[in-house]
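Undergrad: Let me give you the structure first, and then I'll get to my questions.
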Amino acid sequence: MPRITVHVDGTTYTDDVSARTLLVQYLREHLGRTGTVVGCDTSNCGACTVHLDGQSVKSCSVLAAQADGHEITTIEGLSGDGGQHPMQQAFHDNHALQCGFCTPGMIMQAVDLLSDTPEPDDQQIREGLEGNLCRCTGYQNIVRAVRDASRRMRAGAEAEHTGETPAPRSAEERTAQPTGGQS
Amino acid sequence: MTSTAEPELGRSRKRKEDARLVTGATRWTDNMALPGMMHLAVLRSPVAHARITSVDTSEARRMSGVRAVVTGTDIAADQGSLPCAWPITEDMRSPQAPPMAVDTVNFAGEAVAMVAARSAAEARDALDAIDVDYDDLPVVLDVESAAQPGSPLVHTELGTNRSATWTFDSAEAGTGGDVDRALADAEVRVERTFRQQRLIPAFMEPRSVLVDPTSEQITVYSATQVPHILRTMLAMSLGVDEHKIRVIAPDVGGGFGGKLQVTPEEVLTFLMARRLGCPVKWTETRSETMVSAHHGRDQVQRLALAARRDGTVTGLNVELLADMGAYLRLVTPGIPILGGLMFNSIYKFDSYRFTCTNVFTTKTPTDAYRGAGRPEATFAIERMMDELAAELDMDPLEVRRRNWIDRAEFPYTTVAGLTYDSGDYEAATGRAEELFGYRQLREEQARRRQRADTVQLGIGVSTFTEMCGLAPSRVLGSLSYGAGGWEHAQIRVLPTGKVELVTGVSPHGQGHVTAWSQLVADRIGVPFDDVEVLHGDTQISPRGMDTYGSRSLSVGGMAAVSATDRVIEKARRIAAHMLECSEDDLEFSAGRFGVRGTDRGTGISDVALAAFTAHDLPEGVEPNLDAEATFDPENFSFPHGTHLCAVEVDTDTGEVRIRSYVCVDDVGTVVNPLIVEGQVHGGLAQGIAQALFEEAVHDEDGTLTTATLADYLVPTAADLPEFTTDRTETRATSNQLGVKGVGEAGTIASTPAVVNAVVDAVRHFGVDDVRMPCSPQRVWRAIRGVRASSETAPEAGGGLGSMETGGFAGSEGDLR
Ligand code: FES
Ligand code: FES
């Protein structure tokens with residue numbers, strides 16, 4: 001059994017794990033960090049997404065042994081200080097989750113997306129989240145949330161909108177544009 | 001006393017549920033671990049139809065960490081038969097449905113053995129060491145040939161693959177005329193056969209069950225939509241005392257009907273936990289979900305429509321073959337029947353007949369999936385209306401206008417015998433046309449056709465309605481359903497003025513905690529944050545019918561409202577006593593009882609405290625401010641809407657791109673617009689997925705070839721467009737809130753809008769149908785007029801291969 005030392009959400013753990021233990025199993029079953037979830041067995045759903053040294057990975061396709069000596073951030077450690085990361089706030093404010101099962105992975109992937117592309121357009125957001133499936137939301141509000149988080153994070157103002165109702169939609173979002181007659 | 005400044009009803013409150021979901025502080029069933037807990041793994045049949053000749057578990061039993069290995073034979077006497085609550089006809093044929101196969105397997109994925117071990121990994125390892133010998137029986141895969149006499153049988157003891165035939169005939173029911181006459185006299189007849197492909201609900205949280213038998217009540221944690229139904233059914237089918245079972249649905253990660261079930265695994269985990277006397281948990285892999293959790297849809301629909309040349313439809317005949325799969329699960333037989341009352345949709349047809357034959361095949365059982373019977377019906381009629389429009393060379397919206405129920409005609413009793421209480425199809429359609437730019441798009445379409453552009457534009461229409469708010473108990477009774485359709489709620493005003501609302505619905509993503517808080521806060525006059533909504537545990541919420549069928553708000557929300565009103569009436573007596581006035585002198589608003597014409601009064605929380613101390617209560621008033629109510633709706637509710645879809649079809653590649661999607665839904669009064677919009681988005685995604693991407697495909701041996709999320713194409717963010725949503729608001733008159741239900745609307749409406757658009761884009765090539773999912777290959781072949789010959793070729797929308805036998809090829813892009 002390999003012995004590994006992993007830093008997870010700010011805590012260091014040293015453990016003996018069996019060679020076949022997946023990182024996601026290690027997080028959930030050994031460390032009790034059940035915020036990260038498993039949605040599939042073919043690396044398609046992205047529900048298990050965490051950050052390994054700041055990069056998003058699907059923790060079901062990484063062995064625990066491969067995380068030896070690395071820094072893992074999960075949804076439970078994302079905000080660091082126990083508050084909420086702007087992405088978490090943006091998901092809440094834009095109703096970007098329903099059942100919430102895809103949400104941890106979706107948020108971790110979205111944070112990674114913005115660190116590569118701080119000002120993505122909608123198409124870049126959609127493509128950047130392609131590895132994460134959501135069955136509930138139809139993705140529209142997830143795209144909105146990522147756009148919103150991008151604005152907040154660039155403004156550095158993490159709490160610029162914390163009112164009880166969601167940010168007002170822009171005019172073109174509220175009433176759709178007629179799209180005809182462009183040929 | 002605080003009061004809410006802005007009314008809660010109609011306010012886009014952000015959800016109370018989110019805080020723990022966005023931070024990972026969740027309680028999914030699989031997150032739980034109890035002391036001494038064993039892990040259960042289930043061995044599944046790799047073959048679709050076979051006799052089990054031997055099962056050797058000796059090696060598995062010796063493996064590390066293995067506590068028990070159990071086969072169907074071991075539990076044959078205890079496991080009972082899984083319940084089917086909906087015998088649609090008196091003579092319905094229903095096979096025994098053991099949770100674990102004993103001597104025969106009837107679909108690939110059926111449980112044949114199980115292992116309990118110290119760890120999940122050890123349990124799975126031991127499955128590999130179990131040796132099962134099968135003696136193959138003929139597989140029965142195609143629903144049309146299965147229905148023929150002489151077909152090999154799924155259940156030989158039944159003597160046929162036909163489970164039941166259910167009919168509705170307007171001439172017999174006295175709700176309309178004779179369809180045969182209408183068809184004989186028709187100026188125009190349109191006949192089509194549509195295939196509702198088999199779908200997989202694909203909720204994101206795999207199912208999980210944890211059973212703890214170590215206390216007085218056996219506690220069952222399950223990722224279920226229906227904790228109350230599960231408890232009663234476990235008691236009935238296992239003969240365990242109902243009061244000795246507690247069911248908890250913790251956080252549940254989506255359901256869409258897929259978790260409206262009493263599953264084999266729930267029973268098996270229960271049996272194993274009882275056997276071992278320790279907690280046992282089963283969590284499925286995604287591959288298990290795909291083969292063993294019930295599937296949805298899967299019908300062959302034959303329709304004949306009679307009309308006059310002016311576009312007036314005079315009759316509709318519908319013949320369905322519905323694929324049950326191998327067994328009748330909880331409500332399997334009733335799913336197509338739910339659609340049987342809806343084929344006439346928003347239209348005034350003179351005559352209507354519906355015949356559905358339910359057929360067994362050796363495939364995963366089907367059951368509820370978002371919409372459950374109604375998407376199938378809506379798809380068929382909305383496709384037919386477009387086909388009629390094409391036949392008459394009339395605008396598809398105009399054909400609908402000529403047939404729909406005018407706004408002045410409500411309430412309207414349809415040819416299927418349902419009374420629609422309200423609606424305004426003109427308003428929703430008008431708004432949708434405007435948002436969509438209908439006329440401009442038609443003009444662009446004409447220009448592209450004229451230029452013979454490679455990329456053609458298609459416009460699809462769907463003006464739908466659905467019956468929601470399941471359900472008036474007496475109607476369920478008349479449809480032979482095994483339970484009522486009421487819902488229950490309790491309100492408790494605590495001594496400090498905080499409010500607990502207990503509801504019998506069981507949310508799993510719908511935001512009921514937020515919406516119910518809004519409902520009650522407004523009515524009782526306490527802040528939104530002072531309301532706690534309790535649900536999903538039979539010990540906390542003792543009565544309920546759970547969540548499905550867009551019923552929660554229109555039935556469960558109404559129960560909450562009724563219970564609140566009772567609390568207020570109770571408080572009124574105490575307040576009158578406190579203020580030494582007559583009850584009639586009191587007016588209640590914003591949480592305060594005021595004595596009319598004075599400035600004297602008392603707040604509800606003071607009344608709650610007075611009730612709690614009970615030092616001075618009026619005669620006969622009990623010392624609390626609690627009340628409960630059960631609401632049984634008088635009628636269904638009928639949300640409706642107009643969905644318009646524009647697609648671009650590349651005629652060289654068959655690729656379909658949704659260019660714009662506009663929907664205007666009328667779901668009645670809206671409690672929380674944010675949540676309603678989210679429900680519509682999610683519904684649209686699933687309906688569009690049926691039109692373009694998803695299909696559960698079996699190979700010729702009956703193996704599901706789309707058994708992973710790599711093969712079964714749940715759409716990603718990149719596959720879906722931005723939707724334009726709007727609403728009109730016509731109050732339902734069937735409930736005090738005026739609400740109609742929204743959970744299924746998007747799914748029901750969108751599939752025909754998309755397929756109509758695809759067909760419209762290529763109709764000038766002679767195409768009058770494209771089978772779902774409209775994958776590039778299918779669209780391309782439809783354009784090229786290639787028919788059945790290549791239907792077993794790989795499909796983008798169908799995983800590895802599309803299994804089709806029998807006479808179904810004709811619907812693939814007929815050229816004429
Ligand atoms: S669990 Fe699905 S990708 Fe990791
Ligand atoms: S919110 Fe349910 S799967 Fe995304």
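The values are calculated or read from the model by the stated rules, or taken from the named source; none is laboratory data. As the structure is a prediction and not an experimental result, all values here were calculated from the model. Virtual Cβ from ideal backbone geometry, glycine too; neighbours counted across all protein chains shown.
Undergrad: Assuming A:L97 fulfils every condition listed in (1) more than 10 Å from chain B (Cβ to nearest Cβ); (2) closer than 26 Å to B:N672 by Cα; (3) touching a Leu at 6+ places or on another chain (Cβ under 7 Å) apart from one, which condition is it?
TA: Of the numbered conditions (1) more than 10 Å from chain B (Cβ to nearest Cβ); (2) closer than 26 Å to B:N672 by Cα; (3) touching a Leu at 6+ places or on another chain (Cβ under 7 Å), the odd one out for A:L97 is (1).
Undergrad: Only residues that are aliphatic (A, V, I, L, M), within 21 Å of B:I200 (Cβ to Cβ) and either more than 16 Å from ligand 2 (Cβ to nearest atom) or surrounded by fewer than 24 Cβ atoms within 10 Å (Cβ to Cβ) (or both): list them for the stretch B:239-276, please. Before you say what the answer is, go through the steps one by one.
TA: First, pick out the residues of the stretch B:239-276 that are aliphatic (A, V, I, L, M): B:240, B:245, B:247-249, B:252, B:260, B:262, B:267-268, B:271-273, B:276.
Checking which are within 21 Å of B:I200 (Cβ to Cβ) leaves us with B:252, B:260, B:262.
Once the filter is applied, which keeps residues that are aliphatic (A, V, I, L, M), within 21 Å of B:I200 (Cβ to Cβ) and either more than 16 Å from ligand 2 (Cβ to nearest atom) or surrounded by fewer than 24 Cβ atoms within 10 Å (Cβ to Cβ) (or both), the stretch B:239-276 yields B:L260, B:V262.
Undergrad: Kindly indicate whether any position in the stretch B:217-224 is buried (at least 24 other Cβ atoms within 10 Å of the Cβ), closer than 20 Å to B:R27 by Cβ and among the hydrophobic types (A, V, I, L, M, F, W, C). Outline the logic, then answer.
TA: Narrowing the stretch B:217-224 to residues buried (at least 24 other Cβ atoms within 10 Å of the Cβ): B:220-224.
Next, only the ones that are closer than 20 Å to B:R27 by Cβ stay: B:220-224.
After this cut, where a residue has to be among the hydrophobic types (A, V, I, L, M, F, W, C) as well, the list is B:220, B:223.
Yes, some residue in the stretch B:217-224 is buried (at least 24 other Cβ atoms within 10 Å of the Cβ), closer than 20 Å to B:R27 by Cβ and among the hydrophobic types (A, V, I, L, M, F, W, C).
Undergrad: Further, regarding this structure: For the stretch B:251-259, check the following and say yes or no: at least one residue is under 24 Å from B:G24 (Cα atoms), touching a strand residue (DSSP E or B) at 6+ places or on another chain (Cβ under 7 Å) and at pLDDT 95 or above.
TA: yes
Yes/no matrix, rows are residues, columns are (1) away from ligand 2 (no atom under 16 Å from the Cβ); (2) modelled with pLDDT of 95 or more; (3) in a helix (DSSP H, G or I); (4) of a type in the set (K, R):
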{"position": "A:C136", "(1), (2), (3), (4)": "no, yes, no, no"}
{"position": "A:R144", "(1), (2), (3), (4)": "no, yes, yes, yes"}
{"position": "A:S150", "(1), (2), (3), (4)": "yes, yes, yes, no"}
{"position": "A:A167", "(1), (2), (3), (4)": "yes, no, no, no"}
{"position": "A:P178", "(1), (2), (3), (4)": "yes, no, no, no"}
{"position": "A:Q182", "(1), (2), (3), (4)": "yes, no, no, no"}
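Undergrad: State the number of residues belonging to the stretch B:574-586 that are touching a residue at least 40 places away in the same chain (Cβ under 8 Å) and touching a helix residue (DSSP H, G or I) at 6+ places or on another chain (Cβ under 6 Å). Don't jump to the end; show me each part of the working.
TA: So in the stretch B:574-586, the residues touching a residue at least 40 places away in the same chain (Cβ under 8 Å) come out as B:574, B:576-577.
Those still in the list that are touching a helix residue (DSSP H, G or I) at 6+ places or on another chain (Cβ under 6 Å) too: B:574, B:576.
Adding up the residues that qualify gives 2.
Undergrad: Something else about it: Out of the residues in the stretch A:17-39 that are touching a residue at least 40 places away in the same chain (Cβ under 8 Å) and within 16 Å of ligand 2 (Cβ to nearest atom), which is surrounded by the most Cβ atoms within 10 Å (Cβ to Cβ)? Before the answer, list the steps.
TA: Going through the stretch A:17-39, the residues touching a residue at least 40 places away in the same chain (Cβ under 8 Å) turn out to be A:17, A:19-23, A:26-27, A:33, A:35-37, A:39.
Within this subset, residues satisfying the condition of being within 16 Å of ligand 2 (Cβ to nearest atom) are A:35-37, A:39.
On the way: A:G35: 25, A:T36: 25, A:V37: 30, A:G39: 25.
Only one residue tops the list, namely A:V37.
Undergrad: Can you name the residue in the stretch A:13-49 that is assigned to a helix (DSSP H, G or I) and not β-branched (V, I, T) and, of all such residues, is farthest from the other protein chains (Cβ to nearest Cβ)? Spell out how you get there, then give the answer.
TA: Initially, the stretch A:13-49 is screened for residues assigned to a helix (DSSP H, G or I), giving A:23-30.
Imposing the further condition that a residue be not β-branched (V, I, T) reduces the set to A:23, A:25-30.
Values: A:L23: 15, A:Q25: 8, A:Y26: 12, A:L27: 10, A:R28: 8, A:E29: 8, A:H30: 11 Å.
If we take residues in the stretch A:13-49 being assigned to a helix (DSSP H, G or I) and not β-branched (V, I, T), then A:L23 is farthest from the other protein chains (Cβ to nearest Cβ).
Undergrad: Which residues, counting only those in the stretch B:116-159, are surrounded by fewer than 16 Cβ atoms within 10 Å (Cβ to Cβ), part of a loop (DSSP other than H, G, I, E, B) and more than 14 Å from every other protein chain (Cβ to nearest Cβ)?
TA: B:P138, B:Q148, B:P149, B:G150, B:P152, B:G159
Undergrad: Quick one: which helices (runs of 4 or more DSSP H) lie wholly within the stretch B:413-532 and hold at least 1 residues that are crowded, with 23+ Cβ neighbours inside 10 Å and of a type outside the set (V, I, T)?
TA: Numbers: elements: B:425-436, B:438-451, B:473-478, B:512-524.
Because the criterion is at least 1 residues that are crowded, with 23+ Cβ neighbours inside 10 Å and of a type outside the set (V, I, T), the helices (runs of 4 or more DSSP H) in the stretch B:413-532 that meet it are B:425-436, B:438-451, B:512-524.
Undergrad: Does the stretch A:55-70 include one or more residues that are in contact (Cβ under 8 Å) with a residue 60 or more places away in the chain, in contact with a Lys or Arg (Cβ under 7 Å, 6 or more places away or on another chain) and either more than 9 Å from chain B (Cβ to nearest Cβ) or within 16 Å of ligand 2 (Cβ to nearest atom) (or both)?
TA: no
Undergrad: Still on this structure, I have one more. If I ask for residues that are over 22 Å from A:G77 (Cα atoms) and either in a helix (DSSP H, G or I) or within 16 Å of ligand 1 (Cβ to nearest atom) (or both), which ones from the stretch A:88-127 would you list?
TA: A:D122, A:Q123, A:Q124, A:I125, A:R126, A:E127
Undergrad: Within the stretch B:237-249, is there a residue that is within 14 Å of chain A (Cβ to nearest Cβ), farther than 27 Å from B:D699 by Cα and under 23 Å from the mean Cα position of the chain (by Cα)?
TA: Pass one, the stretch B:237-249, residues within 14 Å of chain A (Cβ to nearest Cβ): B:249.
Add one more test, that the residue is farther than 27 Å from B:D699 by Cα, and what stays is B:249.
Within this subset, residues satisfying the condition of being under 23 Å from the mean Cα position of the chain (by Cα) are B:249.
Yes; the residues of the stretch B:237-249 include at least one that is within 14 Å of chain A (Cβ to nearest Cβ), farther than 27 Å from B:D699 by Cα and under 23 Å from the mean Cα position of the chain (by Cα).
Undergrad: With the structure loaded, tell me whether B:A685 is in contact (Cβ under 8 Å) with a residue 12 or more places away in the chain, outside any loop (DSSP other than H, G, I, E, B), touching a strand residue (DSSP E or B) at 6+ places or on another chain (Cβ under 6 Å) and of a type outside the set (V, I, T) or whether it fails that test. Even if it seems obvious, please write down each step before you answer.
TA: Details: in contact (Cβ under 8 Å) with a residue 12 or more places away in the chain: yes; outside any loop (DSSP other than H, G, I, E, B): yes; touching a strand residue (DSSP E or B) at 6+ places or on another chain (Cβ under 6 Å): no; of a type outside the set (V, I, T): yes.
Here the answer is no, as B:A685 does not meet what is asked.
Undergrad: Tell me which residues, restricted to the stretch B:690-729, are outside any loop (DSSP other than H, G, I, E, B), facing chain A (nearest Cβ under 10 Å) and buried (at least 19 other Cβ atoms within 10 Å of the Cβ).
TA: B:A717, B:F723, B:T724, B:T725, B:D726
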